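Structure, as C-alpha cells:
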Amino acid sequence: QRECIQTNDVVQLMGPSSFLYQGRFDRTINSGGVKLFAEVIERKLQSVLKVPFAISSVHDDILGQKVVLFMESPVDLNKDELHQTMMLHLNRYEVPKDIRFVEKLERTDSGKIKIIKSE
C-alpha cells in the first residue's frame, strides 16, 4: 500500500524510481512563461559569487516576474562584470534582469539567508 505525502518540492521524474530535485514550488519564478527555480540558479552561482546572495523575483509588466539577484555588499559592485560572469554559468532565461545590493541580507536563527519574497 502506498502512502501519499504532499510537499512543496518540485522534481523532474527521471524514471520509475528516480527523480531530480528542482526546487520548492513557492520559489518558482514564472518569467515570460518560463518556469525557473531560484534554488537551481543559486546552486549554479555558488562557486562564482564570493559574497552572500539570494535569487528572487519582482513583478514585471511584460514578463510577469523577472529574476533578481540580491547581493550582500556594502558597496555597489560592477553590474556589467557580474552580468558577463553570470552569462557564462546560467542559461539566458536564468540570468538576473536586475542586480540589487543590500548592506545585510536577513538571516534565520540558524544563520541561513531568509528567502526574499517577491514584490
Got a number for the accessible area of Y93? Probe 1.4 Å, square angstrom, nearest 10.
100 Å²
With every protein chain left in place, what is the accessible area of H89 in Å² (1.4 Å probe, nearest 10)?
90 Å²
Taking Cα atoms, how many degrees apart are the long axis of helix 79-89 and the longest axis of the chain, rounded to 10 and kept between 0 and 90?
30 degrees
Hz values of 3J(HN,Hα) by residue in segment 8-24 - Karplus curve (6.51, -1.76, 1.60), Gly and Pro given as x:
9, 7, 10, 10, 10, 5, 9, x, x, 9, 9, 8, 10, 5, 9, x, 8
Where the chain is the region considered: accessible area per residue in Å², 1.4 Å probe:
71 Å²
Residues with beta-carbon under 12 Å from that of R107, excluding R107: net charge, scoring Lys, Arg +1 and Asp, Glu -1?
0
Accessible carbon and sulfur surface of the chain relative to its total accessible area, %, 1.4 Å:
52 percent
Neighbour-limited loop hits for trypsin sites (Lys or Arg not before Pro), segment 80-119 (at most 12 other Cβ within 10 Å; DSSP other than H, G, I, E, B):
R92, K104, K112, K114, K117
May I have the pair-distance distribution P(r) for segment 1-91, computed from all Cα-Cα distances with 10 Å bins from 0 and rounded to whole percent?
14, 39, 31, 12, 4, 1
Please give the contour-minus-distance gain from V11 to N91: 0.36 nm per residue of separation, less the Cα-Cα distance, rounded to one decimal in nm.
26.9 nm
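The values are calculated or read from the model by the stated rules, or taken from the named source; none is laboratory data. Here the structure is a predicted model, which means the values were calculated and not measured. Virtual Cβ from ideal backbone geometry, glycine too; neighbours counted across all protein chains shown. Note: accessible area is taken over every heavy atom of the protein model, side chains too, but ligands, DNA and RNA are not part of it. Shrake-Rupley method; radii C 1.70, N 1.55, O 1.52, S 1.80 Å.
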